[in-house]
Every structure is written in structure tokens, then in C-alpha cells.
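Working notes, structure below.
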Amino acid sequence: MAGQTGVEMEALTAVSVACLTVYDMVKAVERGMRIEGVRLLEKHGGKSGSYVAGSDVAESPDHTQDV
């Protein structure tokens, strides 16, 4: 069983790695740093359709709601 991830997962991974890189470089100066607030705000397209954080309804790929 092979699962594919969308481009949003690649973007979230890249942002997380970038934050960890900054943390690694700055930890000698500021040990109390936190990495937080990494989240998907909006996406369009793909198998699951569009998504906007905070909206109640996600659109399906053909932009209609399933009933």
C-alpha cells in the first residue's frame, strides 16, 4: 500500500525543517525559543479539493457539496 501526499505536506515539511535549522543556529544565544504556529491556512486543487482554515465547509474537487 503506497500513499501519496499532496504538495501542502511537502510545504509544511519544508517550513518545519527551515524552523529547525533556524533553531539550531540560534540555540546558543536563546535557549528558550519555541517553534509554534506551523499550520495549513489555505489550499486549492488536488484530490481533496479546496481548504481554507476556519471555514466550516471544504469544497470537493468539482466545487460542489456532497449531500
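The values are calculated or read from the model by the stated rules, or taken from the named source; none is laboratory data. None of the values given here were measured: they were computed from a predicted structure. Positions of Cβ are generated from backbone atoms using ideal geometry, with glycine treated the same way; all protein chains shown enter the neighbour counts.
Return the residue satisfying two criteria in turn: it lies in segment 1-54 and is polar (S, T, N, Q) and assigned to a loop (DSSP other than H, G, I, E, B), and of such residues it is nearest to the chain's Cα centre (by Cα). First the steps, then the outcome.
Start the filter on segment 1-54 by keeping residues that are polar (S, T, N, Q), which leaves 4-5, 13, 16, 21, 48, 50.
The next check asks that each one be assigned to a loop (DSSP other than H, G, I, E, B); those that pass are 4-5, 48.
Numbers: Gln4: 15, Thr5: 11, Ser48: 14 Å.
Filtering first and then ranking leaves Thr5.
Given the conditions (1) surrounded by 10 or more Cβ atoms within 10 Å (Cβ to Cβ); (2) of a type in the set (Lys, Arg); (3) modelled with pLDDT under 90, and given that Lys47 satisfies all but one, which numbered condition is not satisfied?
Evaluating Lys47 over (1) surrounded by 10 or more Cβ atoms within 10 Å (Cβ to Cβ); (2) of a type in the set (Lys, Arg); (3) modelled with pLDDT under 90 leaves (1) as the failure.
For segment 52-67, name all the residues that are modelled with pLDDT under 90 and surrounded by 10 or more Cβ atoms within 10 Å (Cβ to Cβ). Full working, then the answer.
Of segment 52-67, the ones modelled with pLDDT under 90 are 54-67.
Those that are modelled with pLDDT under 90 and surrounded by 10 or more Cβ atoms within 10 Å (Cβ to Cβ): Ser55, Ala58, Glu59, Ser60, Pro61.
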